[in-house]
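Reviewing the structure listed below.
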Amino acid sequence: MNIIAGIFLVSGLTVGAASALIADTNEACISAMVQATAWKPQILEGQLVAMYELEIANNTSIDISGIIVEHELWADARPIALATGYSQSAHLLGGGLLAGETTKFPEYIPLSAHAAKLAEAASEISIRVEVQNIADLQAHPVGTQPDPFALWSAVRSEIPCTRFRSLD
């Protein structure tokens, strides 16, 4: 079985008139400065779970308490992902991810019995990951993407997303 890992980033979303410019700026910053990479995807034999290594680099000026990372598991040339969902490990990061830091940890994707069978039989599997939003240290979302777990504050962060100073 060939294994492929991928790097994908968020596309911008906008909000209402007064905050549209700030939202566009924050979305562009998140897209460019928070990077997620999927490594070593594998199907855990005999279990309804896929596992991969998720690496996240915080290249923003913001200390992050959580990240919304969407993941998709693909097999061979199938036109539909075997499974989609959100990283639970990255959603609330114990100790946070400070500006300029990188972290790496295992992540798991639950599979249906059908998807697990297809994945185990596949000659090639791949993971697509996409950073969709980040939360500041008070768990206020910086971008506009809603929190799929509803654990972050409903109030948006007032901290502007900018490039981490040592990267300039």
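The values are calculated or read from the model by the stated rules, or taken from the named source; none is laboratory data. The structure presented is a predicted model; accordingly, all values stated were derived computationally and were not measured. In this analysis, Cβ positions are derived from the backbone assuming ideal geometry, glycine residues included, and neighbour counts consider all displayed protein chains.
Quick one: in the stretch 62-78, which of the residues that are modelled with pLDDT of 95 or more and not in a strand (DSSP E or B) is nearest to M51 (Cα to Cα)? Restricting to residues being modelled with pLDDT of 95 or more and not in a strand (DSSP E or B), the top hit is S65. The lone criterion from (1) closer than 18 Å to P41 by Cα; (2) not in a loop (DSSP other than H, G, I, E, B) left unmet by A81 is number (2). When E45, E101, E72 are checked against the criterion of being in contact with a Gly (Cβ under 9 Å, 6 or more places away or on another chain) and either without any contact (Cβ under 8 Å) to a residue 60 or more places away in the chain or farther than 30 Å from R156 by Cβ (or both), E72 stands alone in meeting it. Inside the stretch 35-61, residues that are within 11 Å of V129 (Cβ to Cβ) and outside any strand (DSSP E or B) make up a count of 0. What residue, among those in the stretch 84-124 that are outside any helix (DSSP H, G or I) and touching a Pro at 6+ places or on another chain (Cβ under 8 Å), is farthest from G66 (Cα to Cα)? Within the stretch 84-124, the match that is farthest from G66 (Cα to Cα) is G85.
Within the stretch 5-34, the residues that satisfy the criterion of being of a type in the set (S, T, N, Q) and either at pLDDT 85 or above or assigned to a helix (DSSP H, G or I) (or both) are S19, T25, N26, S31. Selection within the stretch 116-138: residues that are at pLDDT below 95, of a type in the set (G, A, S) and surrounded by 15 or more Cβ atoms within 10 Å (Cβ to Cβ). The member of this set that is nearest to the chain's Cα centre (by Cα) is S126.
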